[in-house]
Each structure stands twice: as structure tokens, then as C-alpha cells.
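The values are calculated or read from the model by the stated rules, or taken from the named source; none is laboratory data. Here the structure is a predicted model, which means the values were calculated and not measured. For neighbour counting, all protein chains shown are included, and Cβ atoms are generated from backbone atoms with ideal geometry for every residue, glycine included. Areas reflect the complete protein model, heavy atoms only, side chains present, ligands, DNA and RNA absent. Shrake-Rupley method; radii C 1.70, N 1.55, O 1.52, S 1.80 Å.
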Protein chains: 2
Amino acid sequence: MQRIGVGLVGWGTVGSGVVRVMLENAGAIESRLGVPLELKRIADLDLERERPVSVPRSMLTTRADDIIEDPDIQIVIELVGGLGFAKTVIRKSLEAGKHVVTANKALLAHDGNELFGLARERGLSIGFEASVAGGIPLIKSLREGLASNRIQTIFGILNGTANYILTRMSEAGLSFRDALKEAQDLGYAEADPTLDIEGIDTAHKLAIASAISFGTPIQLDHVYIEGITGIDALDIQYAEEFGYQLKLLAIARINERLEMRVHPTLIPRNHVLASVKGAYNAVHIEGNAVGDIMLYGMGAGMMPTGSAVVSDAIDVARDILNHTPGRIPPLAFQFDKLNDIKIKPISDVSTCYYFRFAALDRPGVLSKISGILGKHQISINAVIQKGRHAQESVPLLMITHEALESNVRKALDEIDNLDVVIGKTSLIRIEKSAR
Amino acid sequence: MQRIGVGLVGWGTVGSGVVRVMLENAGAIESRLGVPLELKRIADLDLERERPVSVPRSMLTTRADDIIEDPDIQIVIELVGGLGFAKTVIRKSLEAGKHVVTANKALLAHDGNELFGLARERGLSIGFEASVAGGIPLIKSLREGLASNRIQTIFGILNGTANYILTRMSEAGLSFRDALKEAQDLGYAEADPTLDIEGIDTAHKLAIASAISFGTPIQLDHVYIEGITGIDALDIQYAEEFGYQLKLLAIARINERLEMRVHPTLIPRNHVLASVKGAYNAVHIEGNAVGDIMLYGMGAGMMPTGSAVVSDAIDVARDILNHTPGRIPPLAFQFDKLNDIKIKPISDVSTCYYFRFAALDRPGVLSKISGILGKHQISINAVIQKGRHAQESVPLLMITHEALESNVRKALDEIDNLDVVIGKTSLIRIEKSAR
């Protein structure tokens, strides 16, 4: 009986999930695939560490090459992470004629175009469902389930750590620092949380999802990135008074030009994404046929990510069994149809804004500020002046109608230089609707 | 250059969506598929009716056989609906060597096992993504995206008409009749709404989704079905006071035995499905690896259903191009692995309940009722007696802990025969959590 051999390189948290899923669900997997999907070998530099799943010692090795060179292994699962050795593992696996499954969004965001090209030359598949939104079958939905659509917009909550922190800031009124510390204590954030809180991880995922949606190569360099480290809990509370929820949103939209941006974003409280709490991820997609749909689930974690990795391996195994490697192009569109859609830089983006001005409580201040805004074609939708707290300055809150980012920046430069304004203005972008 | 020819049988609302998607998105489809997907012919008995899309007259015919017999057509899209002629179209198409795409949940729920068997014998594919949850790629997610999981539970809002009616009853306090009339006036409900409001359409979809999830043949006969026609707006309001939202839910759960049921269900107001309003559909799935995920979108309508039909045709076209018909078994599991899991009848289901007793306002009534409940192992979680309205009877509301349906029925028989109870007790089942 035919069987498909799988080797795992990198036995961390997600690796343990992959092992558990492959062992615990082996029967269900074989019933679907028709042949066994067999875990043959696991490589990791540290074989002694305590892990939530155990395997026979004979299955273990410290040398990735033992997997890459094993003739009984057809699929290499790369879970090393990062850009260096992970790339070597994937390259060498492809060069050795192995198919690859990976969860490595950083690597694909940087070098995916090159690696997909190499896989194509060799007639091999690369599965990467787990790289975006963890257990949610987002890549498959975009690439196949919505294949008849022209995708117009993606709005994603793609980083559970950042979403957990913002949820706690909103619900418990914690400061950013305290919410981050809590997330670290609970294991939701790493000791070095930079990639998560600076929006970089979200940008990696958006770059991949955007390429698949719009038929372009992966273009990480064109994603505008702003993290959540500068968010004041005060602005979350005030924005809620206006009816908004704050999320770190990945936004990609095509409208002649392609805009891709990651930044803290206010969305109406009744938007489907507003209720996505804690460590959950969700992606709201608009297609010109399907309308709007949303996919929701755990975007990280041992078992959800393991689910995506192993489901991907099943897909690749079907390619092997049917002799149809690369049956679906990795970026959804045929290689020769990928094109560089012109990028809309952040300065050309139009959206609505929330401002908090640190203005002195003097007559004429509102008039000065609104005068500068008007001069830059920024029109005001709502204003609240928070009561006097016996402080010198009072928070002056404002929601604008749609305005051009470059105009907003010019206006805020002028406003922040007024002598009645004694601190830097807080700015948070708003997306009024899904559209 | 190779091209895939498509014929459409049944040019109604969804048919018009299919035509629009195929024509408007032809470029994007070809860029993904690699070859054109070409609409060759449309058959409908009524060619004169005004439609939202126009095609050359030469493309039209009143004879389905013109499509089934056309050697340039490889994929027949069946959108006739119903059980009679639709089945003939699919059978004859398969017998003529054509692959099939259909949105016909009623037909598949009744005769899917037979039709899938026939397709398999002939080495052909049947796509039916559009049959459950419209534009949402649910079938693909269950069958492929979550292929590494053992699926444990499905909770679905699968009928937009029923959900619209319940949403309006909840939000505007409308009676069932008025909400139904409004839905009909707006085109959300048909002149004969029986399939939608009696839960039958939802049951068709649940039977299909359940088979794919749990590895059984389609078993419509084993779905317990209760519609929303008996729902009193009063119970929706009272249940909201207890913190619940009412939905017509499709529930399938495996726990040694398989339970499949469709009935009005109270879910906690903070459950992800509680916020699914109006004509939207959503499905909440639990897998033993992925945890809980939810897919949300439009479950019906010209363009969303057209999106699913054409995406399915693209999938089938890939099977044709790669010579891999039936690449993935229609019911997710290999034919020889499908098995009849023992069914748990509704009488053996344990769940929580909401009761509204029409009790006389006399001393000792609560004691009598709770005595009978206790005798049948039904323990009470919460009780509210609504104030006296100078009526003879007062609504006595109760939420139970988990209890066995057969015990509940025995208890209510006794209670409804008490002389202090002057009307039939209202019963609504509760699902406390996703699990």
C-alpha cells in the first residue's frame, strides 16, 4: 500500500501540534486521503527539552539533512522559523525533490517569490496555509473558494497578541505596558514582542494574503506599518464614546492602485470585526461576487496552527498521489499573470480620522484648529471637548470626514506648532465601513 | 489553446448570478485557472422573462438536452432546483460524461448518495459548494481546509430567511406573521416560505454538511426538524432578559453517537453566532485540532451563490485539466470509509431548556411544577415570574440545567395537565456554549 512520508524540521510549539495532529488523527486523515500520511522523522537541535508529545527516540535527529536526504520522505514540514536556516531547509528540500509545507510568514513575506519560483522550476508544491491566520483556512478560501471573484478588500485581525493587548486595554482599562506584561505572563506574547506589537508580523501576513488576492508578487516593502506601542488607553475609551472599537488592522484594498497598510484602526462597534476579542484572528473579505464574508478562529497556538500545517500536508499528498504538483499556483494566479499593480502610498490614502488635541483651555482654540483643518480640506464630523480637570490642557476630540493622509500630516504639523497646543496630537485612522 | 466549456441548465436568479460572474470576471478566472472558462449554452423553459443580464440569443435553448449532448461542454451547471427534473439533468449529464456543478441542496440531501455513486462510477466530479451556506466556502473548508481534524460540532445559521424573520422579531418586536410578511415584501422570503420557515431547507444543508464532517453517507431522515412558525415574540423578549438570543440553528455533534437537529435555539448573547443578523449565514465549527472557527457571509442571493457555483466550476475545470476527476471524494471521506455512525434520537439529547408556563397566579403553583420537574431529573437554573397583569394566568419563566429531552417531554405532559396550568408550555432549547 502506498504511503506518504513526512519529515518535520523544527520541533517547537507548532511542531508538537503537528506531531499530535498526525498521531491522534491518523485514522481520520487516512480515511480522507486514502493512504496513510506517516510522520517518519523529526529534526531539532534540542532533543532533550520537555515536550507535550512523545515519539520514539529512533525518529529523532539533530540533523535537518537526515530528513532532506531521506528517500522515504516526500514532504518536508519546515517549522524552524525566521529567515536564515529556515530558508536553507526549504531550498535544500526543493533541490532534493521534496515538497514543502511551512508556517513561516516572515520568510515567505521576504523570499516567497524566489522560493515559489524554485518550487515551480522543480515541479514541486509549497503549502503555506498556516502562515496566515493560523488554523483559519484563509489561503484556501482566497485561492480556491473565492476563485471566481475579483477580490476588492481584505480587512484582517491577524495577530492574536496585539488583539489580546488591545482587548484588555479596552475592557479592563489597562495601559499598553500592563496589558503587554499580562500577555507575556499568560504566554500570549513572547519575551521579545517586537514583531507582534510593532505590526511587523501582521504586515508579513498581509503581504502574503494581498498577493494571493490581487494577483501580484509578494510586496512586503510596500506595506505601510504602524504598531500599537504608541496607543494610549485614553484614546480607546474616548473612541468608544464615539461608537468605535480599536483594532490593529491589516488593510488591503484595490482601487486602480493597491493600498496595503497595517495600523491601529477604529471600526464601528457593530462591524463584524469589532466583536473579535482576545487572541482570536478574523479576516473580512470583499469580493465583487461573494459580497462580504468573514472567517474567524484561532490565529496561532500549537493545535490550530498544527491543524493548518497537517491539512496542507494532506493537500500536498493529494498532489503527489495524483501527480499534479503545483496544481494550484501558490499565489493563486498563474505565474505569467502576476503583475505589479501600482501602489498607493500612505500619503495618498483617504480615510477618516480620530484626533485628540492637547489644547489649552482658552477661547478661540477650536477656531484656530478647525481653521487649519479647513485650509487643508479636512472637514469635521464630530467634536467633543472633555470637561475641565483643573489641568492646563483639556482633551479636544475630533472625528473627521474622509480626508487625504498627506493633508492630515500637513495640518497636524501646523496644529502641533500652535502655542495653544502643548503636546503632540494623537491620530488614529478610522474605517467607517467594510467597503 | 485549451478551454473549458460550461453549460447552464436553469436560468433563474442564481443562474443570472452565474452568468454575470462568468462574464464580468472572465479575465480573473482565466488568470487563475490558466485557460478560459467559457459559458457556451443556457437552457431554460422561459427565455422571454426579463433578466438582470443579457446574452446572445444564439446561446439560448429551451432544451436541456442541447447542453447535455453538446460535445463542447464539459461541465453542466444544474440550477433547476427541486427533486424531479433536476435529478434527470444531473443523471443524464453524468451518463453523457459531463461533470456537474449544482446548488441543489434538496436534491443532494435526498439523493446525493446515489448521484455521487454514479459520478464515481463514471469517473466524474460533482461540485456542490453552493448547496450549503451560499457564497461561504464551507464545503471546501470542511473537506480540505480542516482535513486534518476530527470535526466534533457544527452549529449553523443556514437559512437567511428564517434568520431575517427572527432578527426582526427580536429587534422590532414584530410577530412571526408580520416579520414573515415583511420578508416576503422585501424578497427575502418566497410566496410559499414552507421550506425556509419549517426548518426543512436548513435540515437539507445540515444533512450535507454533517456527512462531510463526520464521514457518513447523507442521512436526511435522521435530522430532527422543528421550524420557527410556533415562535412567540414574547419568548424572544423574555429569553433576551436571561441573556440569550434566539436563532434557528442547525446542530450536528458527534459523541459516540451522532445527533443532528434543526430547531429554534437560544444561545448566549456573547456567542459569536448571536451577532449574525438579517439574511446572513454563519457556521461555527469545532475540530479537535483547529478549536473553534466561524465562517460568515451571505448564504443566498444571486451573486453570492453565483460566486460559489463558479468557484466550484473552476475547481472542476482543474480536475479536467489535470485528469483528476473526483480528486477529493465528494463527502470528504473515501467511499469505502463512509460508515453509519449510530444516531442519537432527539429523545436522548441532553440540553438546557427555556420554559414559559401559563400558570394560574395561585399559591403552590411553583412548588407543583418544580416537583414534577424534579421527579424527572430536571433541575432548575433560574426562574422569573413576570408581574401580574390583572390576567388570570401569569407567565412563569424558567431556565433549566442540562436535562434529557425524553424526561422533559414526560414532565411537560404532566405539567400541562395540571389544573393550575391553563395553556401549553412553551419550550425552547438552549445551547450554553459552542461545545
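Residues that are assigned to a helix (DSSP H, G or I) and farther than 22 Å from A:S210 by Cβ: does the stretch A:70-85 have at least one? Walk me through it before giving the result.
First, pick out the residues of the stretch A:70-85 that are assigned to a helix (DSSP H, G or I): A:85.
After this cut, where a residue has to be farther than 22 Å from A:S210 by Cβ as well, the list is A:85.
Scanning the stretch A:70-85 turns up at least one residue that is assigned to a helix (DSSP H, G or I) and farther than 22 Å from A:S210 by Cβ.
Could you tell me which numbered condition B:H323 fails, if it satisfies all but one of (1) open to solvent by less than 20 Å² (accessible area, probe 1.4 Å); (2) without any contact (Cβ under 8 Å) to a residue 24 or more places away in the chain?
Exception for B:H323: condition (1).
Return the pair list, or none, for Cβ contacts closer than 7 Å from residues in the stretch A:245-263 that are over 16 Å from A:H284 (Cα atoms) to residues that are crowded, with 24+ Cβ neighbours inside 10 Å and of a type in the set (K, R), at least 6 apart or on different chains.
none
Which of the residues that make up the stretch B:348-390 are surrounded by 13 or more Cβ atoms within 10 Å (Cβ to Cβ), within 31 Å of the chain's Cα centre (by Cα) and in a helix (DSSP H, G or I)?
If the condition is that a residue be surrounded by 13 or more Cβ atoms within 10 Å (Cβ to Cβ), within 31 Å of the chain's Cα centre (by Cα) and in a helix (DSSP H, G or I), then no residue fits.
What is the one condition in (1) more than 21 Å from the chain's Cα centre (by Cα); (2) buried (at least 24 other Cβ atoms within 10 Å of the Cβ); (3) small (G, A, S) that A:A103 does not satisfy?
Tallying (1) more than 21 Å from the chain's Cα centre (by Cα); (2) buried (at least 24 other Cβ atoms within 10 Å of the Cβ); (3) small (G, A, S), A:A103 fails exactly one: (1).
Return the residues of the stretch A:307-316 that are open to solvent by 10 Å² or more (accessible area, probe 1.4 Å) and facing chain B (nearest Cβ under 8 Å); say none if nothing qualifies.
Of the residues in the stretch A:307-316, the ones open to solvent by 10 Å² or more (accessible area, probe 1.4 Å) are A:312, A:315.
Matches in the stretch A:307-316: A:D315 only.
Of the conditions (1) in contact with a helix residue (DSSP H, G or I) (Cβ under 9 Å, 6 or more places away or on another chain); (2) surrounded by 16 or more Cβ atoms within 10 Å (Cβ to Cβ), B:S393 fails just one. Which one is it?
(1)
Take the conditions open to solvent by less than 40 Å² (accessible area, probe 1.4 Å) and in a loop (DSSP other than H, G, I, E, B) and apply them to B:P304. Does it pass?
On the way: open to solvent by less than 40 Å² (accessible area, probe 1.4 Å): yes; in a loop (DSSP other than H, G, I, E, B): no.
In short, no.
Is it the case that some residue within the stretch B:283-299 is within 14 Å of B:L79 (Cα to Cα) and surrounded by fewer than 24 Cβ atoms within 10 Å (Cβ to Cβ)?
Restricting attention to the stretch B:283-299, the residues satisfying the condition of being within 14 Å of B:L79 (Cα to Cα) are none.
Within the stretch B:283-299 (the criterion being within 14 Å of B:L79 (Cα to Cα) and surrounded by fewer than 24 Cβ atoms within 10 Å (Cβ to Cβ)), the answer is no, since none of the residues qualifies.
When you check B:A147 against the structure, is it of a type outside the set (F, W, Y), in a loop (DSSP other than H, G, I, E, B) and under 18 Å from B:A332 (Cβ atoms), yes or no? Working first, answer last.
Details: of a type outside the set (F, W, Y): yes; in a loop (DSSP other than H, G, I, E, B): yes; under 18 Å from B:A332 (Cβ atoms): yes.
Considered against the rule, which asks whether it is of a type outside the set (F, W, Y), in a loop (DSSP other than H, G, I, E, B) and under 18 Å from B:A332 (Cβ atoms), B:A147 comes out as yes.
Run B:L266 past the list (1) buried (at least 19 other Cβ atoms within 10 Å of the Cβ); (2) away from every other protein chain (no Cβ under 14 Å); (3) touching a residue at least 40 places away in the same chain (Cβ under 8 Å); (4) touching an Asp or Glu at 6+ places or on another chain (Cβ under 7 Å) and report the number of the one that doesn't hold.
Exception for B:L266: condition (4).
What single numbered condition from (1) part of a helix (DSSP H, G or I); (2) surrounded by fewer than 22 Cβ atoms within 10 Å (Cβ to Cβ); (3) out of contact with any Lys or Arg (no Cβ under 8 Å at 6 or more places or on another chain); (4) not hydroxyl-bearing (S, T, Y) fails to hold for B:A274?
(3)
So, B:E286, is that one away from every other protein chain (no Cβ under 14 Å) and in contact (Cβ under 8 Å) with a residue 24 or more places away in the chain or not?
Numbers: away from every other protein chain (no Cβ under 14 Å): no; in contact (Cβ under 8 Å) with a residue 24 or more places away in the chain: yes.
Taking the combined requirement at face value, the residue does not satisfy it.
The conditions are (1) within 9 Å of chain B (Cβ to nearest Cβ); (2) in contact with a Ser or Thr (Cβ under 6 Å, 6 or more places away or on another chain); (3) surrounded by 22 or more Cβ atoms within 10 Å (Cβ to Cβ), and A:D235 fails exactly one of them. Which is it?
Here A:D235 meets the rest and fails (1).
List every residue pair whose Cβ atoms lie under 9 Å apart, where the two residues are 6 or more positions apart in sequence or sit on different chains, the first residue falls within the stretch A:33-47 and is closer than 28 Å to B:I328 by Cβ and of a type in the set (G, A, S), and the second residue, located anywhere, is surrounded by fewer than 22 Cβ atoms within 10 Å (Cβ to Cβ) and modelled with pLDDT under 95.
That search, which allows pairs on different chains as well, returns A:G34/A:Q2.
From B:E78, B:E48, grab the single residue that is open to solvent by 30 Å² or more (accessible area, probe 1.4 Å) and either more than 14 Å from chain A (Cβ to nearest Cβ) or in contact with a strand residue (DSSP E or B) (Cβ under 9 Å, 6 or more places away or on another chain) (or both). Walk me through it before giving the result.
Working: B:E78 fails: open to solvent by 30 Å² or more (accessible area, probe 1.4 Å).
Only one candidate passes the filter, namely B:E48.
Of everything in the stretch A:185-201 that's at pLDDT 95 or above and touching an Asp or Glu at 6+ places or on another chain (Cβ under 8 Å), which residue is most open to solvent (accessible area, probe 1.4 Å)?
A:L195
Which one of A:D319, A:D292 is more than 29 Å from A:G10 (Cβ to Cβ) and either in a strand (DSSP E or B) or more than 7 Å from chain B (Cβ to nearest Cβ) (or both)? Before the answer, list the steps.
Details: A:D319 fails: more than 29 Å from A:G10 (Cβ to Cβ).
Going through A:D319, A:D292 in turn, the sole match is A:D292.
Does A:P330 fit the bill of being touching a strand residue (DSSP E or B) at 6+ places or on another chain (Cβ under 9 Å), open to solvent by 10 Å² or more (accessible area, probe 1.4 Å) and either part of a loop (DSSP other than H, G, I, E, B) or at pLDDT 95 or above (or both)? If you could, list the steps in order and put the result at the bottom.
Values: touching a strand residue (DSSP E or B) at 6+ places or on another chain (Cβ under 9 Å): yes; open to solvent by 10 Å² or more (accessible area, probe 1.4 Å): yes; either part of a loop (DSSP other than H, G, I, E, B) or at pLDDT 95 or above (or both): yes.
It is true that A:P330 is touching a strand residue (DSSP E or B) at 6+ places or on another chain (Cβ under 9 Å), open to solvent by 10 Å² or more (accessible area, probe 1.4 Å) and either part of a loop (DSSP other than H, G, I, E, B) or at pLDDT 95 or above (or both).
Residue-wise test of (1) of a type in the set (S, T, Y); (2) under 31 Å from the mean Cα position of the chain (by Cα); (3) farther than 16 Å from A:R3 by Cα.
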{"site": "A:S31", "(1), (2), (3)": "yes, no, no"}
{"site": "A:R41", "(1), (2), (3)": "no, yes, no"}
{"site": "A:M59", "(1), (2), (3)": "no, no, yes"}
{"site": "A:V76", "(1), (2), (3)": "no, yes, no"}
{"site": "A:L79", "(1), (2), (3)": "no, yes, yes"}
{"site": "A:L83", "(1), (2), (3)": "no, yes, yes"}
{"site": "A:T88", "(1), (2), (3)": "yes, yes, yes"}
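Of all residues in the stretch B:13-40, which are away from every other protein chain (no Cβ under 13 Å), surrounded by fewer than 23 Cβ atoms within 10 Å (Cβ to Cβ) and within 21 Å of B:D70 (Cβ to Cβ)? It would help to see each step written out before you state the result.
Residues of the stretch B:13-40 that are away from every other protein chain (no Cβ under 13 Å), as a first pass: B:13, B:15, B:38, B:40.
The next check asks that each one be surrounded by fewer than 23 Cβ atoms within 10 Å (Cβ to Cβ); those that pass are B:13, B:38, B:40.
Selection gives B:E38, B:K40.
Would you check if there is a residue in the stretch A:239-248 being in a loop (DSSP other than H, G, I, E, B), farther than 19 Å from B:P137 by Cβ and not charged (D, E, K, R)? Before the answer, list the steps.
Keep residues of the stretch A:239-248 that are in a loop (DSSP other than H, G, I, E, B), which gives A:242-243.
Still in the running and farther than 19 Å from B:P137 by Cβ: A:242-243.
Pick out the ones that are also not charged (D, E, K, R) and you get A:242-243.
Within the stretch A:239-248 (the criterion being in a loop (DSSP other than H, G, I, E, B), farther than 19 Å from B:P137 by Cβ and not charged (D, E, K, R)), the answer is yes, since at least one residue qualifies.
Name every residue in the stretch B:405-432 that is open to solvent by 50 Å² or more (accessible area, probe 1.4 Å) and either closer than 28 Å to B:I293 by Cα or of a type in the set (S, T, Y) (or both), in order of residue number.
The one that is open to solvent by 50 Å² or more (accessible area, probe 1.4 Å) and either closer than 28 Å to B:I293 by Cα or of a type in the set (S, T, Y) (or both): B:K432.
How do the pairs read when you match residues in the stretch A:58-86 that are at pLDDT 95 or above with residues anywhere that are open to solvent by 30 Å² or more (accessible area, probe 1.4 Å) and of a type in the set (G, A, S), using Cβ under 6 Å and keeping only pairs 6 or more apart or on different chains?
A:I68/A:A96
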